[in-house]
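Note sheet for the following structure.
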Amino acid sequence: MSFISAVVCVFVITILTITNVNGIAVMSVDFGAEWMKIGIVSPGVPMEIVLNKESKRKTPAVVSFKDNTRTFGEDAQTIGIRFPKNSYSYLIDLLAKDINHPIVKLYQSRFPYYNIVEDSQRGTILFQHDDVTTYSPEELIAQLLRRAKTFAQQSAQQPIKECVLTVPGYFNQAERKALIQAAELANLKVLQLINDYTAVALNYGIFRIKDFNETAQYVMFFDMGATSTTATVVSYQTIKTKERGYVETHPQLTIIGVGYDRTLGGLDIQLRLRDYLATKFNEMKKTPNDVFKNPRALAKLFKEAGRVKNVLSANADHFAQIEGLIDEIDFKLKVTRDQLESLCGDLYDRVAAPVKQALKVAGLSTSVIGQVILFGAGTRSPKVQKILQDIVGQELAKNINTDEAAAMGAVYKAADLSTGFQVKKFITKDAIIFPIQVVFERETEGNVKQVKRTLFGLMNPYPQKKIITFNKHVEDFSFSVNYAELDHLPETEILSIGALNLTLINLDGVAEAINRNKGENRESKGIKAHFAFDESGILKLVNVELVVEKTVTAESENEEEGTFSKLGSTITKLFTGESDTPEKSEEKPVEEPKPEEPKEETLNVTKKNNETTEAKNATDKEPKEVKPKIVTIKDPIKAFEKILYINKLTKQQMEESASKLETLNTVERELNRRATALNNLESYVIDAQNKLYEDEYSQACTEEEIEQIRTACSSVSDWLYEDGSDADAETYESKLTELKQLTKDLYLRVLEHKERPEAINALKSMLNGSNHFLASAKNLTKETNPDKDIFTEVEITTLQRVINETQEWMDKKIAEQDQIKKSDPVKLTVRMLSEKMALLDREVKYLLNKLKIWKPKKIEKPKEENKTVESENEIKEEVQEETIEKPESEAEVIEEVEEAEKFTDEENHVEL
């Protein structure tokens, strides 16, 4: 366990009392464009980074297919160099995009060897893997998430079903929903999508809780990853909350400013260097073939460019070298850091923009930023650090783990959201970076006017619920939900968002609802549409309803009392998700709403407390005035929502994708089973052959058995290297079963000969201890010691008989075993010895327990009255002598008990 994990274990996580420890572990995945890091929380191992099969803390987000075999991570990268078209990476940015999206076009220019086609059903993209097989980005990401789940389950040693996933903060509604569906295909329940910068900020904050107070502290996180760059301004402070009936103080982080560049990252620098190396090789003219037209050569150059880029972050120059780049020609070229920076000059010019954008949105200057903290592999570049330092005018902080902070922050959130763990409360307030508005039409003086109303503004915190009210509509109507003004973003970023229109919502049954609720003393409060922006940053239309207020007098209340008693509560939950229109609307006097629900203001008239006594008396004499009550009626209206951007996978498409992935999983399981069976068979053959040369095995085996085993092993070995190389798992397992059956008796005899001496010594020790205990027990009978009448003569005799029989049996069996060869069937087994020990142990423990509970009888002396002081003193002295003498006999018994327990602990409890 790392130091950070140990600190978190002690400082912030407490495992709750758990009745069933299976199935409570949760995980996080920081799924980036290039790497995925996995965090886990399980009983006894809180907040830890999961290791992959190579025992590394991060895994390349790559999946490859070759010869019906699927590989992940570094193995997939290796296949990707030889067969680039069969290896898929940098997938996260392709979610929920059509084939003409600028990000897709950029991806095709970066990796021209992929055959990307359009999904005619959804309008998204597919990778054409072969003539009959295609993969969507969701399906490929699902396979990687399932691999991450496998690593986490191996670490936790129990099934895992729930997770928190990090997501780029600039992901729109379609992209977030697509990632959740990818997790569903991997059989993972997403507790929450957390923005990557929020996860980093949370990880930073949980180690500095004691440093926060009521005054806001501002910190900027600058993250340059593989494909994107983000600057985030975060405020930390403590706030007071009242949730459980009393005031508590908790730390809180609030996202107050975000700036980003979706296409600026380490990948761009790596591609620039790749193209530079390719150009230099072509200039050498060692072959007529162009490396730009050879996918395998480009893949080799891309890998080497990544290595050289990382080395140049700490060195002024380095050699790029590749063996057999193309046409068996080697390539070697010296590259300096200055050359690399010159190649990427326009990229470095874009570094400042996200920082300036984040400060502008937050409304802060660099002077109030306490720290600028680096995150992401791209920030290791000296050039990037110099640019940042010039902008913010202060030293840059590097006090978080640039690879693991997001995964650790996300797994903290996962532990908080799960039911199996309790963590120290840390409130997180994320912010909306794409404002959302509602657009509808309204008739004014015969003209139709388009009206726009902001629903969620820029940097509004979420999760949050909001209501928009339509007051003028009396017939069925529709309204749309769109992204609002995005003037704070560059034009290129607006294009990358994709469709700006989100949903079209048609309402049905408006007129009918209004007519149902017409009547005397009724006032319409309009049609209210309830929206929720949940913790994952996904917008949802919860429900739509007509709200009417009715004034109820005492007379009308009495008339309708029976009706009201049947209708029950009138204040329904604001976010029930109901869509069907009820036949009857429910009515009830307004109750005080819950704190989180939007409140309807009502006028409450109250009397002053400083009334005079005369006024009170007059009031008592006169009948009290009964004031009218306000009843709220909420009548649900059907709402039909039409998605205007990329659609989610339908239920049928999800089933088809799940079936396709399950086929791959089945093939993988069979391949793993076959590989395991082959390895087990080969190992067993070699092990059996070697054991026949060891004395303990050769002495316990007859010549005939040795010949049979050697012949069988040789036969299997020859078969493995000839006809058996392509056999299936079942055949290998069958061969192994036959060999085990053949060697079973030999291995059992060797085991018996090895374990028998220890078992015999254990029984001898028990017999010695039992004899010692028996000698003591004989002095605790009525015949030998009337004051210590503990054991009966029958009990003593029974123990004596068991000891004698056990001794005789052991001597006889040892003699029989010594007279036969080691290769003969065993006559004295460890099991026999264990059974005899259990029988003897039972008899001794019975008497020992009886000894423990025995207490000497108390002797009561009669008390005489009217004694003189001298006689009373004599009695006291006698009693005192009694008190001193009495424990002597009891002390002897206690000493005997302790001696017996010592014997039991040291001699009876023998491991076999």
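The values are calculated or read from the model by the stated rules, or taken from the named source; none is laboratory data. Just so it is clear, the model here is predicted, and its values are computed rather than measured. Because the Cβ atoms are built from the backbone with ideal geometry, glycine has one as well, and the counts that use them run over all protein chains shown.
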Are any of the residues in segment 183-190 surrounded by 22 or more Cβ atoms within 10 Å (Cβ to Cβ), polar (S, T, N, Q), assigned by TED's automatic domain parsing to the domain that holds Val423 and touching a residue at least 12 places away in the same chain (Cβ under 8 Å)?
no
In segment 366-407, anything more than 17 Å from Asn203 (Cβ to Cβ) and part of a loop (DSSP other than H, G, I, E, B) is listed as Ser381, Gly393, Gln394, Glu395, Leu396
Residue match in segment 169-177 (condition: surrounded by fewer than 22 Cβ atoms within 10 Å (Cβ to Cβ), part of a strand (DSSP E or B), in contact with a Ser or Thr (Cβ under 8 Å, 6 or more places away or on another chain) and of a type outside the set (Asp, Glu)):
no
Only unsatisfied item for Met47, checking (1) at pLDDT below 95; (2) farther than 30 Å from Ala156 by Cβ; (3) in a strand (DSSP E or B), is (2)
If we keep only residues of segment 506-542 that are under 15 Å from Lys466 (Cβ atoms) and in contact with a Ser or Thr (Cβ under 6 Å, 6 or more places away or on another chain), then the residue surrounded by the fewest Cβ atoms within 10 Å (Cβ to Cβ) is Gly526
Screening Arg82, Arg57 for residues that are loosely packed, with under 15 Cβ neighbours inside 10 Å and either acidic (Asp, Glu) or out of contact with any Pro (no Cβ under 8 Å at 6 or more places or on another chain) (or both) leaves only Arg82
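Here is a list: Gly498, Gly526, Gly509, Gly562. Which entry is within 30 Å of Lys360 (Cα to Cα) and either outside the structural domain of Leu417 (by TED's automatic domain parsing) or modelled with pLDDT under 95 (or both)? Show your work before the answer.
Details: Gly526 fails: within 30 Å of Lys360 (Cα to Cα); Gly509 fails: within 30 Å of Lys360 (Cα to Cα); Gly562 fails: within 30 Å of Lys360 (Cα to Cα).
Of the residues listed, the single one that is within 30 Å of Lys360 (Cα to Cα) and either outside the structural domain of Leu417 (by TED's automatic domain parsing) or modelled with pLDDT under 95 (or both) is Gly498.
Of the residues that make up segment 357-365, is at least one within 41 Å of the chain's Cα centre (by Cα), outside any helix (DSSP H, G or I), assigned by TED's automatic domain parsing to the domain that holds Arg110 and of a type in the set (S, T, N, Q)? Let's see the steps before the verdict.
Step one: filter segment 357-365 for residues within 41 Å of the chain's Cα centre (by Cα), giving 357-365.
Now drop any that are not outside any helix (DSSP H, G or I), which leaves 363-365.
Those still in the list that are assigned by TED's automatic domain parsing to the domain that holds Arg110 too: 363-365.
Keeping just the survivors that are of a type in the set (S, T, N, Q) gives 365.
Checked segment 357-365: at least one residue is within 41 Å of the chain's Cα centre (by Cα), outside any helix (DSSP H, G or I), assigned by TED's automatic domain parsing to the domain that holds Arg110 and of a type in the set (S, T, N, Q).
Of these, Ser834, Ser734, which one is within 56 Å of the chain's Cα centre (by Cα) and free of Cβ contacts under 8 Å to residues at least 40 places away in the same chain? Full working, then the answer.
Values: Ser834 fails: free of Cβ contacts under 8 Å to residues at least 40 places away in the same chain.
The unique qualifying residue is Ser734.
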By residue number, the members of segment 211-222 that are over 16 Å from Asp349 (Cα atoms) and of a type outside the set (A, V, I, L, M) are Asp211, Phe212, Asn213, Glu214, Thr215, Gln217, Tyr218, Phe221
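Here's the yes/no breakdown for (1) in the same structural domain as Thr503 (by TED's automatic domain parsing); (2) at pLDDT below 90:
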position: Lys608; (1), (2): no, yes
position: Ala618; (1), (2): no, yes
position: Ala639; (1), (2): yes, no
position: Ser657; (1), (2): no, no
position: Thr666; (1), (2): no, no
position: Leu678; (1), (2): no, no
Condition test on Thr287, is it in contact (Cβ under 8 Å) with a residue 60 or more places away in the chain and in a loop (DSSP other than H, G, I, E, B)? no
Scanning segment 60-79 for residues that are buried (at least 20 other Cβ atoms within 10 Å of the Cβ) and free of Cβ contacts under 8 Å to residues at least 12 places away in the same chain gives Thr71
Over segment 319-347, the set of residues on the phi > 0 side of the Ramachandran plot and not in a loop (DSSP other than H, G, I, E, B) is Gly324
Picking from Gly259, Gly266, Gly306, Gly245, the residue that is closer than 30 Å to Pro461 by Cα and out of contact with any Pro (no Cβ under 9 Å at 6 or more places or on another chain) would be Gly245
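Is segment 505-522 home to any residue that is within 38 Å of the chain's Cα centre (by Cα) and not aromatic (Phe, Trp, Tyr)? Lay out the reasoning, then the answer.
Our first condition is that a residue be within 38 Å of the chain's Cα centre (by Cα); within segment 505-522, this holds for 505.
Now narrow it down to the ones that are not aromatic (Phe, Trp, Tyr): 505.
Yes, the conditions are met somewhere in segment 505-522.
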The correct count of residues that are touching a Phe, Trp or Tyr at 6+ places or on another chain (Cβ under 9 Å), without any contact (Cβ under 8 Å) to a residue 24 or more places away in the chain and surrounded by 12 or more Cβ atoms within 10 Å (Cβ to Cβ) in segment 118-136 is 3
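Condition check: touching a residue at least 12 places away in the same chain (Cβ under 8 Å), among the charged types (D, E, K, R) and farther than 30 Å from Ile256 by Cα. Does Lys161 satisfy that? Write out each step before concluding.
On the way: touching a residue at least 12 places away in the same chain (Cβ under 8 Å): yes; among the charged types (D, E, K, R): yes; farther than 30 Å from Ile256 by Cα: yes.
Yes.
Yes or no, residue by residue, for (1) touching a helix residue (DSSP H, G or I) at 6+ places or on another chain (Cβ under 6 Å); (2) closer than 28 Å to Leu681 by Cα; (3) among the basic types (Lys, Arg):
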position	(1), (2), (3)
Glu755	yes, yes, no
Leu763	yes, no, no
Asn768	no, no, no
Ala775	no, no, no
Thr792	no, no, no
Thr797	no, no, no
Asp811	no, no, no
Lys821	no, no, yes
Pro825	no, yes, no
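Return a yes/no flag: does segment 822-834 have any residue that is surrounded by 12 or more Cβ atoms within 10 Å (Cβ to Cβ), touching a Phe, Trp or Tyr at 6+ places or on another chain (Cβ under 8 Å) and small (Gly, Ala, Ser).
To start, the set of residues in segment 822-834 that are surrounded by 12 or more Cβ atoms within 10 Å (Cβ to Cβ) comprises 822-824, 826-830, 832-834.
Still in the running and touching a Phe, Trp or Tyr at 6+ places or on another chain (Cβ under 8 Å): none.
No - not one qualifying residue is present in segment 822-834.
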### Message
With the structure loaded, tell me whether Glu304 is loosely packed, with under 14 Cβ neighbours inside 10 Å, free of Cβ contacts under 8 Å to residues at least 60 places away in the same chain and among the charged types (D, E, K, R) or whether it fails that test.
### Response
no
